[in-house]
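Please read the structure below before turning to the comments.
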Amino acid sequence: MPDMPEMEDDSAMPEPGGRPPTNAKELEAVYDIPVQVSAILGKANMQVSQLLKLGRGAVIELDRKVGEAIDIYVNNRLVARGEVVVVENRLGVTMTEIIKMDRN
């Protein structure tokens with residue numbers, strides 16, 4: 001019989017519709033995929049005329065209160081809530097709650 005080309009071992013990859021990955025080795029294929037992380041401090045609605053009147057030093061009142069949890073999105077999907085922190089003179093976010101959503 002002729003030699004068969006050596007196949008890459010794909011036993012670590014789940015079959016489509018099969019079980020999800022269960023350990024870090026099975027997830028290595030996705031480690032380098034970039035994602036967009038957004039921390040939303042709050043939101044405000046205003047008319048264009050109000051927006052055009054804003055200048056340096058203007059304050060926009062947001063729909064959140066001081067100390068209220070902020071929303072953390074990954075690729076525009078809400079995944080957690082957290083608090084704003086300061087890390088070496090930079091703003092950061094610490095996660096206080098993970099949001100689990102049904103994937104239906």
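Here are the numbers for this structure:
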item	result
Meets criteria (at pLDDT below 95 and small (Gly, Ala, Ser)) for Ala69	yes
Residue satisfying all of: in segment 61-83; within 13 Å of the chain's Cα centre (by Cα) and in a loop (DSSP other than H, G, I, E, B); farthest from Gln47 (Cα to Cα) among these	Asn75
Positions within segment 58-76 being under 17 Å from Ser38 (Cα atoms) and without any contact (Cβ under 8 Å) to a residue 12 or more places away in the chain, in sequence order	Glu68
Test: residue in segment 39-57 that is surrounded by 10 or more Cβ atoms within 10 Å (Cβ to Cβ), touching a strand residue (DSSP E or B) at 6+ places or on another chain (Cβ under 9 Å), outside any loop (DSSP other than H, G, I, E, B) and touching a residue at least 12 places away in the same chain (Cβ under 8 Å)	yes
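The values are calculated or read from the model by the stated rules, or taken from the named source; none is laboratory data. Computed from a predicted structure; not experimentally measured. Glycine also receives a Cβ, built like all others from the backbone with ideal geometry; neighbour counts cover every protein chain displayed.
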